[in-house]
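Q: Got a structure here, written out as structure tokens. Questions coming.
The values are calculated or read from the model by the stated rules, or taken from the named source; none is laboratory data. No experiment lies behind these values; they were computed from the predicted model shown. Counting neighbours? That spans all protein chains shown, and the Cβs are built from the backbone with ideal geometry, glycine included.
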Amino acid sequence: MASQEKISVYNLADLKNTSDDAIPNYLNSLRFRQSHRLTDVRLTLGFSALALAAATFAWDCKFGFDSTKHLTAVAVALYTLLNGALALWISRVERGTVYVGTSPSGDEVRISTSVEKNVPVYHVTIEVTSKGGKKETIKIDRSLAEWFDETGRFVAAPFQAMFARGVAVIGSADPKRARVEEEGDQKEAESAGAAAYTPEMLDVLAKATGVGSASDAEATGAAKKGGKRRKA
Amino acid sequence: MFSSLQNPRQAAAQLLNFGLILSTAFMMWKGLSVVTDSPSPIVVVLSGSMEPAFQRGDLLLLWNRNLFEETNVGEVVVYNVKGKDIPIVHRIVRKFGSGPDAKLLTKGDNNAADDTELYARGQDYLTRKDIVGSVVAYMPFVGYVTIMLSEHPWLKTVMLGIMGLVVVLQRE
């Protein structure tokens, strides 16, 4: 799981991929039922194109060009169609979707994410289709720095709280996170902009880095940045 | 780096991305083959026998269809000789007869003698079907990379190593 690794905080693709991977982890842990239909269609299209190319390669090697050129022409046309369909599927249907699933209460959630080049802001679009068929679209734009500490470790709580608080369906499935976020907000106001880490999280962080203890982790707002520099 | 291997769909998607790069390159090549009707529509000049028209390392684009007229004297063609797998780029200097059975003789612009020496044992002329295509366009020097690679095989190993490393280290 990518979210357990440290990544370079200067690599936007790494930041996005790690965040994307954390979404299914989080929602599936809340007993959402993930649907893989989009991915499966993409894989089917792609691998049938690949199989066609492999077959073309095989008959070209075995029988030479001249005796198979009509077949090859058909294969090239078909391959173009399949690849075009794949490109359309990715750009028009998937549109950056990283998660589709059904909540325990039966509402369908579809989450797509994007980042702009060299801008560390995570754009999340959440489409909720309730059981009655009512559609709702929620857009969240948040800085990636909110859930990556300065050593490049992914911190789940603020990330999950963003969803729990921003989307009613997720919030009702995870009332604890939705509440923690509100407490975090108060703390945030007190400590003037420090990240909303809970004492438990700082304990975990301290153990992972092997420096500091629970007591000095709880101490001050400055300590709440986490990471190796905390002792200084 | 190898994290995605734990998720079969993500691993499959990554494999697919890599495979599609290879297969698309191959199918573009085959598409060009079909359009030009030539089994090898792009060749690299390996010798100086056509100087000053073509130098070693020039990239040639071939066309193998006779839509309006037959292949004629004066055209630069690429042909294969039976039993040799290296295509040769030379100019047609004589033509006897017409149609697909016309007898063709070729010669390199920079060579003193015609190509009868180069043909297979007992072969005195070429026919249309020996020809892979006529040269319609060229790009100077671009093909020199392939000459370097075939003359210094260790370069291939180095290049494959670098490419493999890049694929393994990058996800996008």
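Q: Restrict the check to the range B:92-103 and report whether at least one residue is touching a residue at least 40 places away in the same chain (Cβ under 8 Å) and either more than 14 Å from B:L62 (Cβ to Cβ) or assigned to a loop (DSSP other than H, G, I, E, B) (or both). It would help to see each step written out before you state the result.
A: Narrowing the range B:92-103 to residues touching a residue at least 40 places away in the same chain (Cβ under 8 Å): none.
So far as the range B:92-103 goes, no, none of its residues is touching a residue at least 40 places away in the same chain (Cβ under 8 Å) and either more than 14 Å from B:L62 (Cβ to Cβ) or assigned to a loop (DSSP other than H, G, I, E, B) (or both).
Q: Considering each residue of the range A:133-149, count those that are in a loop (DSSP other than H, G, I, E, B) and either surrounded by 10 or more Cβ atoms within 10 Å (Cβ to Cβ) or not assigned by TED's automatic domain parsing to the domain that holds A:V169 (or both), and give that number. Talk me through it step by step, then tell me what you get.
A: First, pick out the residues of the range A:133-149 that are in a loop (DSSP other than H, G, I, E, B): A:133-134, A:147, A:149.
Then drop every residue that is not either surrounded by 10 or more Cβ atoms within 10 Å (Cβ to Cβ) or not assigned by TED's automatic domain parsing to the domain that holds A:V169 (or both), which leaves A:147, A:149.
So the answer is 2.
Q: Here's a follow-up. Taking the range B:110-136 as the region of interest, how many residues are charged (D, E, K, R) and farther than 16 Å from B:I86 by Cβ? Don't jump to the end; show me each part of the working.
A: The initial filter retains those residues of the range B:110-136 that are charged (D, E, K, R), namely B:114-115, B:117, B:121, B:124, B:128-130.
Now narrow it down to the ones that are farther than 16 Å from B:I86 by Cβ: B:114, B:121, B:124, B:128-129.
Qualifying residue count, the range B:110-136: 5.
Q: Take A:T39 and decide whether it is surrounded by 13 or more Cβ atoms within 10 Å (Cβ to Cβ), in contact with a Ser or Thr (Cβ under 6 Å, 6 or more places away or on another chain) and not in a strand (DSSP E or B).
A: no
Q: Write out, first by first residue and then by second, each pair whose Cβ atoms fall under 9 Å of each other, whose residues are 6+ apart or on separate chains, and whose first residue, in the range B:68-86, is on the phi > 0 side of the Ramachandran plot while the second is assigned to a strand (DSSP E or B) and not acidic (D, E).
A: Correct list of pairs: B:G74/B:R91; B:G74/B:I92; B:G74/B:V93.
Q: Kindly check whether there is at least one residue in the range A:99-108 that is more than 12 Å from every other protein chain (Cβ to nearest Cβ), among the charged types (D, E, K, R) and under 30 Å from A:G152 (Cα atoms).
A: Within the range A:99-108, none of the residues are more than 12 Å from every other protein chain (Cβ to nearest Cβ), among the charged types (D, E, K, R) and under 30 Å from A:G152 (Cα atoms).
Q: State whether the residues of the range A:44-59 include one that is surrounded by 19 or more Cβ atoms within 10 Å (Cβ to Cβ), more than 9 Å from every other protein chain (Cβ to nearest Cβ) and not polar (S, T, N, Q).
A: yes
Q: How many of the residues making up the range B:54-93 are crowded, with 16+ Cβ neighbours inside 10 Å and in contact with a strand residue (DSSP E or B) (Cβ under 8 Å, 6 or more places away or on another chain)?
A: Qualifying residue count for the region: 23.
Q: Among the hydrophobic types (A, V, I, L, M, F, W, C) and buried (at least 18 other Cβ atoms within 10 Å of the Cβ), is that true of B:V35?
A: So B:V35 fails the test.
Q: So which pairs qualify, if the first residue must be in the range A:22-36 and within 14 Å of chain B (Cβ to nearest Cβ), the second must be part of a helix (DSSP H, G or I) and among the charged types (D, E, K, R), the Cβ gap must be under 9 Å, and the two must be at least 6 apart or on different chains?
A: So the pair list comes out as A:H36/B:R9.
Q: Which residue, of B:T146, B:T106, B:T116, is at pLDDT 90 or above and either over 16 Å from B:E75 (Cα atoms) or part of a helix (DSSP H, G or I) (or both)? Lay out the reasoning, then the answer.
A: Details: B:T146 fails: at pLDDT 90 or above; B:T106 fails: either over 16 Å from B:E75 (Cα atoms) or part of a helix (DSSP H, G or I) (or both).
Answer to the selection: B:T116.
Let's see how each residue does on (1) outside any strand (DSSP E or B); (2) in contact (Cβ under 8 Å) with a residue 60 or more places away in the chain; (3) of a type outside the set (A, V, I, L, M):
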residue	(1), (2), (3)
A:L15	yes, yes, no
A:A51	yes, no, no
A:A58	yes, no, no
A:P104	yes, yes, yes
A:I111	no, yes, no
